[in-house]
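Asker: Have a look at this one.
The values are calculated or read from the model by the stated rules, or taken from the named source; none is laboratory data. Quick caveat, the model's predicted, so the values are computed rather than measured. Don't worry about glycine lacking a Cβ; one is built from the backbone with ideal geometry, like all the others, and counts go over all protein chains shown. Only protein heavy atoms, including side chains, enter the accessible area calculation; ligands, DNA and RNA are left aside. Shrake-Rupley method; radii C 1.70, N 1.55, O 1.52, S 1.80 Å.
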Amino acid sequence: MRRLAALLLVLAWPACAYYHFVRYNTSAPPFQPIYDRFDLKALPGRAVPYFITLNGSLTLAPGDSETAVLSQIRAAAAVWNGVPTSELRLVFGGFREDGSALSTPHIQVEFTDELPPGVIAQGGPVARLDPAEGPDGLYTPIARSLLRLPRDLSSRPSWSERFFLTVVHEFGHTIGLQHTWTSGVMSTEITRATTKAQPLGQDDVAAVSVLYPTADFRKTTGVITGRVTMNGQGVALASVVAVISGRSAISTLTAPDGTYRMEGVPPGSYFLYAHTLPPSIAGEPQPVNLELPVTPAGRVLPGPAFQTTFYPGSAVPSSTVAVEAGKTLESIDFRVTPMSRVNLHSIQTYSFYNRNAIKPATFTMPSSWRALVFTGFGASALSPGLSVSFLSAPETVLPGSLRDYSPGYLQAEIRLSPFSGDGPRHLLFQLNGETYVLPSGAVIRKSDPPSITSVTPQPDGWLWLEGANLSGDTAVWVDGVPARTRYESGQLRILPPPAPSGHTGVIVALNPDGQSSLHVHGNASPVLSYADAPQPQVALNPVEIPAGAEMAVELTGRGADFRLWTPWLGTGTSDVAVRRVWGVGESRAIAWLAASPSAMPGLASMSAGVGLAGTRLTQTLTITAAGRVPYVRMSAISGQYVYPGARLTVPVAEAPPGLNVTNVQARLGGLPAVVLDVATDSVTLQIPRQLQPGAHLLNLVLGGVQALPAAVEVGPLPPVILRAVRPDGNAVTAAAPARPGDVIQLVIAGLAEEPDPGLDGLRVFSGEVRHEVRSVRSNSSEPGTHVVEVRLAEAEAVNGTIAVTVWRNGAYNIEPFLLPFAR
């Protein structure tokens, strides 16, 4: 019998559908939710800073270190930055030990011995501002959130799935998310089905996007609305869930009158069901450890228990509803039947690989393991009325295979299908007429997880990794920092990140399918010793910045190549954000700082590092009162395509009067830049033609007054589309225009220096229409040019042409190429 102790018997609370911290300003319909969220507009750089306070030394698992713990915290925060439909960005602000108040919204991460018994970690808003009006109505701005972790981490190694996902989960609370019943990362450990390699489910993506939506969020996803009623009365806090086999689930909770609005649903045909929240577990003040919504009349309590009901009104799935992008599916109503109590809930599943318990149960095509092990309320002992099945999936549970596994655990045998594909499967448990759905209760994978059998150093500092299921798509982390990877001759090479001399890091391979080498090796994962490595260091001079200003500062260092490993900088205050850092040389980098207009004068202790190495600096950051110190509004030029020889108009704030081209001097990257024009609030200059691509310091002297240093990112010279021909060599002309579906070849000068640049980063557009890039090659008949083969999409011609733009890694043709085109 295989051991479950590593993952089981940890008391974690069940959870509800995707939900937020909610208030209502009325006690009667219609109910418009008022969500807690950060006001990104109030933050310098529109990013939420988080600060870490250690509060003394930590008690760690064997082989673990504070360096590793801190790297995993930063990696967990970065997970929330990777949601394409969310504007939210979390940035590390540095270490803080003094506990002094910060005036700008932020997140504080601290280690403590004061967590309640049985609580693994805590997170959430602890200070709020008065409600404010936003694009979607009223919301409550978060002033401060707190994430608390135990100082004793001896049973939860930093490299483990459990620690990492716990920190991702708690960061979710700090940004405004509550628990979920759909097995996303915002579920608690009982039903959570995400992994370190695939930490977010669709429910998590929708939840954060509702609070911090991009312009594309509601264009690319649909909405489902309706009402849950019992005997004609609305049911409050009922969970409504949408599921498709092969995808993670998405859900929401009902308002006090039973109405619901589920946003962020990807297009597709879904089964929908409504279920009641599970009963409280010992120690919980209300179901699922949820901070209940509030109206002027008081807290909103969950409605009475009811039978799980599938739309349009059955105990098992019978029909689907179609969701379309940008559209709302209305009146998806549920009439539910009361029940006395919920007996079947909070089920967790397991499988095994190399004697390691994998949660949720994961079945790979090559593996022979086909036992679904599970436990939960109502499902911990054999009962004549208990059954388990897959919800609308090609896989099946073998009839009669349900049996005891070990005390408190059951198992059932599953059978895969020739039609089985990658992705989660939802499980349907039934007990004496009661139905419980476990979203992502099982996962099917085509291949086994990656494994690492040997790590061999190479003379160039890279490492050869040997093992199984490693590919060019495999990411490799050393502790919480990704290594640089190359896949050559069927083997994976990595360049490990810099780390403190003497450090020992754990190596983990993560595949895009959500599996990692932790599934194979567990706590016996391979390690990397930095015993003979140089000590990386990052330094900078003391910084002084006025409130509301922007500036660039120079970082220097040793022991790491900043061109490969961009250093990080924390200002130690939420009033000054680090907008970006560029590695511009082996031992030199440039950081862009922005101070809040409401920043209070004072001192802050900065932190800096590179890779796994980091420390508090002795140099301080000084915030001064807003004053007449000229500075460049770097945010106004960020994102512009700037290249050698181009004109650049630089907005300047607090410029002295009486400026003209004779009393303004500019140097960019240490080279004189010609000043072409001067206005009251801007300077136009020419980028020196000999500048190499990259970020460069800009120094302006305005009428004898030195402006704060700025940074300008210079790109390569723009490519030029010379002509368009067909594969047979005939030109595309007005008499023989291209048409949708045609394959043409664009002859382009200045696309790349290398003969075979590859397709990565290469795009061809006509307005918002993207054409298919089929190949790129050097043009031997015309040195210095490339041929890009494109299949044309449907596009709207203007005067018989479409304007074609080729884009590669930020560089694009300034003058669009007019291609003769007809439908």
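Asker: Let's test the formula: R0 of 30 Å, r as the Cβ-Cβ distance of W807 and Q491. What FRET efficiency results, to the nearest 0.05?
Answerer: E(calc), rounded to 0.05, equals 0.35.
Asker: Averaged per residue, what accessible surface does the chain expose to a 1.4 Å probe, in Å²?
Answerer: Value for the chain: 41 Å² per residue.
Asker: Farthest toward the dipole's positive end in the chain, which of L569, G134, S160, given Cβ charges of +1 (Lys, Arg) and -1 (Asp, Glu) about the Cα centre?
Answerer: Most positive-ward Cα: S160.
Asker: Tilt of helix 202-211 relative to the longest C-alpha principal axis of the chain, in degrees (0 to 90, nearest 10)?
Answerer: Tilt of helix 202-211: around 60 degrees.
Asker: Rolling a 1.4 angstrom probe over the protein chains, ignoring ligands and nucleic acids, what is the accessible area of K359 in square angstrom, nearest 10?
Answerer: 40 Å²
Asker: Report the percentage of all Cα-Cα pairs in region 391-498 whose separation exceeds 19 Å, rounded to a whole percent.
Answerer: Details: 3571 of 5778 pairs.
I get 62 percent for the Cα pairs in region 391-498 exceeding 19 Å.
Asker: Taking every DSSP beta bridge with both residues inside region 64-214, roughly what % is antiparallel (nearest 5)?
Answerer: Looking only at bridges with both residues in region 64-214, the antiparallel portion is about 60 percent.
Asker: When the convex hull of the C-alpha atoms of the chain is computed, what volume per residue in Å³ does it have?
Answerer: On the way: hull volume 159.7 nm³, N = 823.
Enclosed volume per residue, from the Cα hull, is 194 Å³.
Asker: When the accessible area of the chain is split by element with a 1.4 Å probe, what percent falls to carbon and sulfur?
Answerer: Carbon-and-sulfur percentage of accessible area, whole number: 51.
Asker: Which percent, nearest 5, of DSSP beta bridges in the chain are antiparallel?
Answerer: Numbers: 178 of 213 bridges.
Counting DSSP beta bridges with both partners in the chain, the antiparallel share is about 85 percent.
Asker: Semi-axes of the equivalent ellipsoid for region 527-610, please: Cα gyration tensor eigenvalues, times 5, square-rooted, ordered largest first, whole Å. List each step's numbers first, then the result.
Answerer: Values: eigenvalues 152, 34, 19 Å².
Three semi-axes, in Å: 28, 13, 10.
Asker: Another question about this same structure. Based on DSSP H runs of at least 4 residues, each adding -39500 (n - 2.57), what is the mean residue ellipticity at 222 nm of the chain after dividing by all its residues, to the nearest 500 deg cm²/dmol?
Answerer: The helix contribution divided over the chain gives -1500 deg cm²/dmol.
Asker: A follow-up question, please. Quick check: convex hull of the Cα atoms in region 476-547, volume per residue, rounded to a whole Å³?
Answerer: Convex hull volume per residue, Cα atoms: 182 Å³.
Asker: How much length would be gained if the chain were fully extended between M339 and T615, taking 0.36 nm per residue of separation minus their Cα-Cα distance, in nm to one decimal?
Answerer: 93.6 nm
Asker: Which log10 I(q)/I(0) values, to two decimals, does region 309-455 give at q = 0.10, 0.14, 0.20 Å⁻¹ under the Debye formula with one point per Cα?
Answerer: -0.42, -0.76, -1.26
Asker: Modelling each spin label as a point 7 Å along the Cα-to-Cβ direction, I'd like the D136/Q640 distance in nm, to one decimal.
Answerer: Here the modelled spin labels are 3.4 nm apart.
Asker: Another question about this same structure. Mind checking the log10 I(q)/I(0) for region 36-152 at q = 0.22 Å⁻¹? Debye, one equal scatterer per Cα, no solvent, two decimals.
Answerer: Per q value, in the given order, log10 I(q)/I(0) is -1.37.
Asker: Solvent-accessible area of M186, probe 1.4 Å, all protein chains present, reported in Å² to the nearest ten, please.
Answerer: Surface accessible to solvent at M186 totals approximately 0 Å².
Asker: Oh, and also: Subtracting the Cα-Cα distance from 0.36 nm times the residue separation, let me have the gained length for S314 to Q686 in nm, one decimal.
Answerer: Extending this stretch completely gives an extra 126.9 nm.
Asker: With a cut-off of 8 Å between alpha carbons and a minimum separation of six or more residues, what is the relative contact order of the chain in percent?
Answerer: Contact order relative to length: 9 percent.
Asker: Right, next: Let me know the Kirkwood hydrodynamic radius for region 87-205, please, with Cα pairs as the basis and the value in Å to one decimal.
Answerer: Hydrodynamic radius (Kirkwood, Cα only) of region 87-205 equals 15.7 Å.
Asker: Nothing charged except the Cβ atoms of Lys and Arg (+1) and of Asp and Glu (-1): what's the magnitude of the dipole of region 501-627 about its Cα centre? Round to the nearest 20 debye.
Answerer: 40 debye
Asker: Run the reach check for K327 against lysines, Cα to Cα strictly under 22 Å, same-chain hits fewer than 8 apart removed. What comes back?
Answerer: Straight-line reach from K327, under 22 Å: K219.
Asker: Going Cα to Cα from K446, which lysines come in below 30 Å? Please leave out same-chain ones fewer than 8 positions away.
Answerer: K196, K359
Asker: Would you mind checking the tilt of helix 66-79 against the longest principal axis of the Cα atoms of the chain, expressed as 0 to 90 degrees and rounded to 10?
Answerer: Taking the Cα atoms of the chain, the angle to 66-79 is about 90 degrees.
Asker: Right, another one. Determine the order of V629, V675 by accessible area, beginning with the largest, at a probe radius of 1.4 Å.
Answerer: Output order, biggest surface exposure first: V629, V675.
Asker: Then there is this: Quick one: dipole size for the chain, taken about the Cα centre, charges +1 on Lys/Arg Cβ and -1 on Asp/Glu Cβ, in debye to the nearest 20.
Answerer: 660 debye
Asker: To continue, here is another question. Show me, bin by bin at 10 Å from 0, the whole-percent P(r) of region 400-443 based on Cα pairs.
Answerer: P(r) for region 400-443, in whole percents per bin: 20, 49, 29, 2.
Asker: State the answer as a single residue: which of V610, A193, G490 lies farthest towards the positive end of the charge dipole of the chain, with beta carbon charges of +1 for Lys and Arg and -1 for Asp and Glu, about the Cα centre.
Answerer: About the Cα centre, the residue reaching furthest to the positive side is A193.
Asker: Please report the accessible area of T229 (heavy atoms, 1.4 Å probe, ligands and nucleic acids excluded) in Å², nearest 10.
Answerer: Near enough 20 Å² of accessible area.
Asker: Have a look at P737, N813, V764 and report the one farthest towards the positive end of the charge dipole of region 711-823, computed about the Cα centre with Cβ charges (Lys/Arg +1, Asp/Glu -1).
Answerer: The listed residue farthest towards the positive side: P737.
Asker: Shifting gears a bit: When the label point is put 7 Å from the Cα of V773 along its Cα-to-beta-carbon vector, which residues of region 788-802 have a backbone N closer than 16 Å?
Answerer: 788-793
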